[in-house]
Amino acid sequence: MDSGEIKKEMAMTYDELVNHLLHKYGKAKYDYFCNETCESYNKKVSRTREGLYCHHIDEDKEIMLSESLIAKSRPYKYQKADRLVYCNILEHVMLHIKIMECPHIEAKRQFGTDGVPVVGVGGVYLMCPRINDYFNGSPIEEKWRIPGFSLIENNFEDYIEILKYFLPLANTYSYNALKSREKKRKEEISKGIDKEAAKILFANESSNYKLENKEKISQDPDEEIVKKVKYMIDYKKLPS
């Protein structure tokens, strides 16, 4: 993927990015589920052979719309073809970051979590460990993911820029989430880098934290991961 295009996409709003991707990859032709029972995923939706993921546009209002149990309890209009958009995995991460950055007013009304961006964040934390595995050189066990990763094989530095954009949002999320649940932090933010966010972002999918040389972090992984994040994204002047 072209680095210049990634930079342009990062500067877009959520709606702008959705419209850009609809034009780039074409509109979906089929509903996400086979019918309104939301029991069976519609295989005609899949474009994984092209390396593309299918994103629910209305996940700026709701969470986990691809999950059958959630989908059943939400309006079926969210599953219609005209409410789906295709993207590669880095663009999918960016879509969820943009949702976090500016959640739909309906999400704020429904979840009422004192500014916590409930929508969007789960997708970022789900996808990043998989991307980390790929850039760490870990074997790809689910072969259907290979075309998707091949689209971003030359975009490691762009991925780091996306994380650099995301981490301040993650810090805000972590702080507000803990505050809203009336819990105390076990550890303070270290120089603007939230340790939990760093741990998730630089973990692999099986939660064995790795460096580029594929060595497991054996002692005090939180501290090591924070150092890794600081190094990778060059955060030198963040507020304490």
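Read-outs throughout are calculated quantities, based only on the coordinates presented, and are distinct from any laboratory measurement. All values derive from a computational prediction rather than experimental measurement. All Cβ positions, even for glycine, are placed from backbone atoms using ideal geometry, and neighbour counts span all protein chains on display.
Things to note:
- Here the label points at K24 and D2, each 7 Å from Cα along the C-beta direction, are separated by 1.1 nm in the simple model.
- Across all directions, the average projected area of the convex hull around the alpha carbons of the range 37-108 is 5.0 nm².
- Full-extension gain in nm, I160 to Y125, via 0.36 nm per residue minus C-alpha separation: 11.1 nm
- Greater than 29 Å apart at Cα, pairs in K27/K61; K7/K77; K44/K98; K29/K98: K7/K77
- Using the Cβ-Cβ distance between Y41 and I146 with R0 = 22 Å, the FRET efficiency computed as 1/(1 + (r/R0)^6) comes to roughly 0.60.
- Peptide packing for 142-155, 78-91 was compared via the average number of neighbouring C-beta atoms within 10 Å per residue; ordered from the highest value, the list is 78-91, 142-155.
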